[in-house]
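**Student:** This is the structure I have questions about; it appears just below.
The values are calculated or read from the model by the stated rules, or taken from the named source; none is laboratory data. No experiment lies behind these values; they were computed from the predicted model shown. Because the Cβ atoms are built from the backbone with ideal geometry, glycine has one as well, and the counts that use them run over all protein chains shown. Accessible surface is based on the protein model in full, side chains and every heavy atom, while ligands, DNA and RNA are left aside. Shrake-Rupley method; radii C 1.70, N 1.55, O 1.52, S 1.80 Å.
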Amino acid sequence: MSPFPSESAAARADAPVCVAALYRFAPFEDFASLREPLLELCTREGIRGTLLLAAEGINGTIAGSHEGIARVLDHVRALPGCADVDVKLSGASAMPFHRLKVRLKREIVTMGQPGIDPLASVGTYVEPQDWNALIADPGTIVIDTRNDYEVAVGTFERAIDPRTASFRDFPEWFRSERERLLGAGTPPKVAMFCTGGIRCEKSTAFLKQEGIEDVYHLKGGILKYLETVSISGPSRAGRRMTAPVDPVLYSFRRCPYAMRARLALAVSGMRCELREVKLSAKPEAMLAASPRGTVPVLVLPDGAVIAESLDVMRHALSRHDPEGWLARDDAALIAANDGPFKHDLDRYKYPERHGSDALAHRERALAFLRELDTRLAAAGQFCGTARGLADMAIMPFVRQFAAVDPAWFDARPLPNLRGWLAGHLASELFAAVMMRVPPWSPGDVPVSFPPG
């Protein structure tokens, strides 16, 4: 979903990049056949981001030119049952996504409950302007269906927090709490809300299947509510809603991928909650967001997940790029770093793990470092005289290589590269992103990043 929920239509039109968050529960009898035409169209229009297709519908967030997004949305609206697809538009100063993914999934929002069909049975939609009156009624049970990290940034007074790390946990929570919540008398009204509306459709369908008839949900979720309803001043609903502004970053201090993501987040000033990960005991909340289990993982307040380090960098810098890093990018150089150089680095640093000849891989990696040294002789940084995205994307990996055998590295004829690396390691920015925090556990006091 859009990270700018209250942005005006004029601001969206003025932004060079259009971001569209969309979803629709729709009956796709052969959803796999929809993938290639959608992928081809998005590729042709230069669209990036992620779209999910399942038998139950479509969900995702994409970005591109205003014209390209319009053509993709026209295509989506022509799919079976998608004429009224829910779309939220926002703007970005630069492309926030690194690549395009159109994936086939079992569910467009994972609940893990077979037989749940929002198309057949769903709760009653409540318009944002009518929501406060509903939840002010003492006879209404209000349930926040979002995950724990989302609830932490703001909710409604009287809302029950299930304290779930994943939407998949919601059915078990409800079944265990049902008797306490509903009692033995006349079933009360149940009002549910989420961030953008999609989880509410599924959770109310689940409650209907569980035999709860008087179920309501906030149409368009919190994002639509914040666009529609003023939250300043007192409210008869007693709400304490605040705009969700802090993403959650799962990180590991020494991982070079996580390091470069933190560098971009820090220079952009994009606030987030830092959750340090112990790699031998990865938290369930992180695995629920990104089952691959690698860092970094950035979970946005609307539940969208960015699990590629370069995508995290570009997302943060698309929000605010005070040093102009995006203008000093070199995709080919970064690809050489992330591909062949990283391959040799791993087999040099961890020969036992890979069964490799460490010295042979060190020599192959050295060839790439010589290329970097030659390039730095011209201006001091990879794309000019000032640091940029290319420098910050590559530096953590050169740092890792140099640390394997510092004496050997210092003896190589790489004066420009060593000076470049030393300068970045001595910077205030690098010191800020290398803050030490204990591994995160549910219930810990949130750690704000960047510090200060």
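**Student:** Starting from the Cα gyration tensor of region 335-452, take the square roots of the eigenvalues, sort them a ≥ b ≥ c, and report rounded, prolate or oblate (rounded when a/c is under 1.5, otherwise prolate if a/b is larger than b/c, else oblate).
**Tutor:** oblate
**Student:** In nanometres, what is the gap between the two model label sites at His354 and Glu213, each 7 Å from Cα along Cα-to-Cβ?
**Tutor:** 6.5 nm
**Student:** Further question: Taking only the alpha-carbon positions of region 261-363 and ignoring solvent, what does the Debye formula give for the base-10 log of I(q)/I(0) at q = 0.14, 0.20 Å⁻¹?
**Tutor:** After summing over all Cα pairs, the log10 values are -0.73, -1.10.
**Student:** Between 0 and 90 degrees, rounded to the nearest ten: what's the tilt of helix 35-44 against the longest Cα principal axis of the chain?
**Tutor:** Taking Cα atoms only, the helix is inclined about 50 degrees.
**Student:** Plugging the Kirkwood radius over Cα pairs into Stokes-Einstein for region 93-151, at a temperature of 20 °C and a viscosity of 1.002 mPa s, what D comes out in µm²/s? Intermediate results must be reported in sequence, preceding the final value.
**Tutor:** Values: Rh = 16.1 Å.
Answer, rounded: 133 µm²/s.
**Student:** So for region 324-452, taking the charge dipole from beta-carbon charges (+1 Lys/Arg, -1 Asp/Glu), which of Leu421, Ala393, Ser448 sits furthest toward the positive end?
**Tutor:** Leu421
**Student:** Run the numbers for Ser280 and Arg77: contour at 0.36 nm per residue of separation, minus the present Cα-Cα distance, in nm.
**Tutor:** 68.6 nm
**Student:** Please list, ordered by chain and number, the residues whose modelled amide H lies under 5 Å from the amide H of Met192; skip anything fewer than 5 residues away on the same chain.
**Tutor:** Residues meeting the amide H criterion: Ile143, Tyr216, His217, Leu218.
**Student:** Still on this structure, I have one more. Using the basic label-point model (7 angstrom from Cα toward the beta carbon), what is the Asp405 to Arg35 distance in nanometres?
**Tutor:** Reported label-point gap for Asp405 and Arg35 is 4.5 nm.
**Student:** With the dipole of the chain worked out from charges on the C-beta (+1 for Lys and Arg, -1 for Asp and Glu) around the Cα centre, which of Thr61, Phe28, Ala285 lies farthest toward the positive end?
**Tutor:** Ala285
**Student:** For the chain, what proportion of DSSP beta bridges, expressed in % and rounded to the nearest 5, is antiparallel?
**Tutor:** 60 percent
**Student:** What whole-number value in Å² describes the accessible area per residue of the chain for a 1.4 Å probe?
**Tutor:** Heavy-atom SASA per residue in the chain reads 43 Å².
**Student:** Mind putting a number on the dipole of region 304-428 about its Cα centre? Charges go on the C-beta only, +1 for Lys and Arg and -1 for Asp and Glu, and I need it in Debye to the nearest 20.
**Tutor:** That gives region 304-428 a dipole magnitude of about 140 debye.
**Student:** Only loop residues by DSSP count here, and only those with at most 14 other Cβ atoms within 10 Å; note down the GluC sites (Glu not before Pro) in region 345-427 that meet that.
**Tutor:** Hits after loop and neighbour filter: nothing returned.
**Student:** Using +1 on the beta carbon of Lys and Arg, -1 on that of Asp and Glu, and nothing else charged, what's the dipole of the chain about the Cα centre, debye to 20? Kindly include the intermediate steps, with their values, before the conclusion.
**Tutor:** Working: 54 positive and 55 negative charges, 191 e Å.
The dipole of the chain has a size of about 920 debye.
**Student:** Give the residue list of trypsin sites (Lys or Arg not before Pro) in region 366-452 that are DSSP loop and have at most 16 other beta-carbon atoms within 10 angstrom.
**Tutor:** Arg436
**Student:** What full-extension length gain, to one decimal in nm, is calculated for Arg412 and Glu428 as 0.36 nm per residue of separation minus the Cα-Cα distance? The partial results should precede the final answer.
**Tutor:** Details: separation 16, 0.36 × 16 = 5.76 nm, distance 2.69 nm.
Gain in length upon complete extension: 3.1 nm.
**Student:** Also, quick follow-up: What is the sum of charges, Lys and Arg at +1 and Asp and Glu at -1, for the other residues whose Cβ falls under 14 Å from the Cβ of Val445?
**Tutor:** -4
**Student:** Just to verify a number: FRET efficiency for Asp84 and Arg271, C-beta to C-beta distance, R0 = 51 Å, to 0.05? Display every interim value, and only then the final one.
**Tutor:** Working: r = 35 Å, r/R0 = 0.69.
The computed FRET efficiency comes out at 0.90.
**Student:** Loop-only check: which GluC sites (Glu not before Pro) in region 11-120 are DSSP coil with at most 12 other Cβ within 10 angstrom? Mind dumping the intermediate values first?
**Tutor:** On the way: sites: Glu29, Glu40, Glu45, Glu56, Glu67, Glu107; in loops: Glu29, Glu45, Glu56, Glu107.
Those that pass, being in a loop and sparsely packed, are Glu29.
**Student:** Give me the tail of P(r) for the chain as a percent: Cα-Cα pairs with distance above 36 Å. Could you put the intermediate results ahead of the total?
**Tutor:** Values: 34692 of 101926 pairs.
Every Cα pair in the chain considered, those over 36 Å come to 34 percent.
**Student:** Keeping the other protein chains in place, figure out the carbon and sulfur percent of the accessible area of the chain, with a 1.4 Å probe.
**Tutor:** Of all accessible area on the chain, carbon and sulfur atoms account for 51 percent.
**Student:** While we're here: Multiplying the sequence separation of Arg364 and Ala336 by 0.36 nm and subtracting their Cα-Cα distance, what value in nm do you get?
**Tutor:** Extending this stretch completely gives an extra 8.8 nm.
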